[in-house]
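Colleague: Okay, here's the structure, questions in a sec.
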Amino acid sequence: MLELSVPGRDSLLHPTVIYDESGYVLIDTGMPGSRDSIIGLIVQAGLEPDKLRGIILTHQDIDHIGSLPFWLSAAKPAGLDVYAHEGDRNAIDGNEPLLKVSPERMAGLIEAMPESMRETFRSFFSGDNANVTHTVEDGETLPFGGGLKVIHTPGHTPGHISLYHEASRTLIAGDAMVMNGSELSGPNPPFTPNLQQAHESLRKFAAYPIDNVICYHGGQYSRDVNKRIAELAEQA
Ligand SMILES: [Zn+2]
């Protein structure tokens, strides 16, 4: 789990790296200017940044896909494997607006970027590129870190996924849950357009023995995880 600070935000974001002898995958990419910081954290963790095997996006929100254009641009001409769920693919490919970022806000975001970043970012969302190279499905096991299971957990966005790393019994929850201080909580209502569906998604986690959860917002939680998630699903 990386602890990524974002200029202008007081809370950290938590992209995650899953690695094995063949390299690593990055799960979520932070805000548009975050690539260099993420590489710094990867080096700090003792990994070789060049051994990137792909990027998995838990969903389309800008704080998760923001720096993807710059990873893709740096990977040219070989390209980069990018994994996401079909339900969010059109937004990530730039074929439809992001669910929670209006075209006006997107224009403002681009305006606020250093000029050197604007063109790369803009072309990413032009709709001309297939940014997502692999669509993933519920129940699929990706061949990273000895096995990484995809759990479709819609509600926060239609194509939101969580990932279960079998070897460490760790759930990478994306935004399906958040940490509120030291307590594991359900999805954040103001940013969850289909709250009922997001609550139903929590029930899916019961099928996995979980020792650790990583919430993108709030970080790690490791106390009696399945019991806590069952409580959250019950309360919902
Ligand atoms: Zn988020």
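Colleague: Which Rg and Dmax, in Å, describe the Cα atoms of segment 10-121?
Modeller: 14.1, 44
Colleague: Test of understanding: in a Gaussian network model of the chain with alpha carbons linked when under 10 Å, which of PRO49, PRO143, PRO32 would top the mean-square fluctuation ranking?
Modeller: Looking only at PRO49, PRO143, PRO32, the largest GNM fluctuation is found for PRO143.
Colleague: Among VAL25, VAL17, rank each residue by its count of other Cβ atoms within 10 Å, from fewest to most, as a rough exposure measure.
Modeller: The fewest-first ordering by Cβ neighbours comes to VAL17, VAL25.
Colleague: Now a separate question. Shape verdict for segment 121-215, please, from the Cα gyration tensor: rounded (a/c under 1.5), prolate (a/b greater than b/c) or oblate.
Modeller: Cα axes put segment 121-215 in the oblate bin.
Colleague: Also, quick follow-up: Once you've got the GNM for the chain with C-alpha springs shorter than 10 Å, pick whichever of THR157, THR170, THR120 has the biggest mean-square fluctuation.
Modeller: THR120
Colleague: Hey, in the GNM for the chain with a 10 angstrom Cα cutoff, which one of THR135, THR58, THR16 fluctuates hardest?
Modeller: THR135
Colleague: Report the full-extension gain for the segment GLN235 to ALA107: residue separation times 0.36 nm, less the Cα-Cα distance, to one decimal in nm.
Modeller: Net length gain for the segment: 42.2 nm.
Colleague: Would you list which lysines come within 21 Å of LYS149, measuring only between C-alpha atoms, while excluding same-chain residues fewer than 8 positions from it?
Modeller: The reachable lysines, counting only those whose Cα sits under 21 Å from LYS149, are LYS204, LYS227.
Colleague: As a footprinting exposure proxy, order ASP36, ASP93, ASP10 by other Cβ within 10 Å, with the fewest listed first.
Modeller: ASP10, ASP36, ASP93
Colleague: Students often forget the sequence filter, so: which aspartates and glutamates lie under 14 Å Cα-Cα from LYS76 once same-chain residues fewer than 8 apart are removed?
Modeller: By straight Cα distance, LYS76 reaches ASP50.
Colleague: Translational D (Stokes-Einstein, µm²/s) of the chain at 20 °C and 1.002 mPa s when Rh comes from the Kirkwood sum over C-alpha pairs?
Modeller: It comes out at roughly 120 µm²/s.
Colleague: Do the sum for the chain: with -39,500 (n - 2.57) for every DSSP H run of n ≥ 4, divided by all residues, what is the mean residue ellipticity at 222 nm, to the nearest 500 deg cm²/dmol?
Modeller: Estimated from H runs of four or more residues: -7500 deg cm²/dmol.
Colleague: What does a probe at ALA75 reach in segment 119-135, counting residues whose amide N is under 16 Å from the point 7 Å along Cα→Cβ?
Modeller: Correct set: 121, 124-125, 129-135.
Colleague: Sort LYS51, LYS76, LYS204 so that the residue with the fewest other Cβ atoms within 10 Å of its own Cβ comes first and the one with the most comes last.
Modeller: Ranked by crowding around the Cβ, least crowded first: LYS76, LYS51, LYS204.
Only the coordinates and a few stated rules stand behind these numbers; no lab work does. Quick caveat, the model's predicted, so the values are computed rather than measured. A quick note on method: Cβ atoms are made from the backbone with ideal geometry, for glycine too, and the neighbour counts reach across all protein chains shown.
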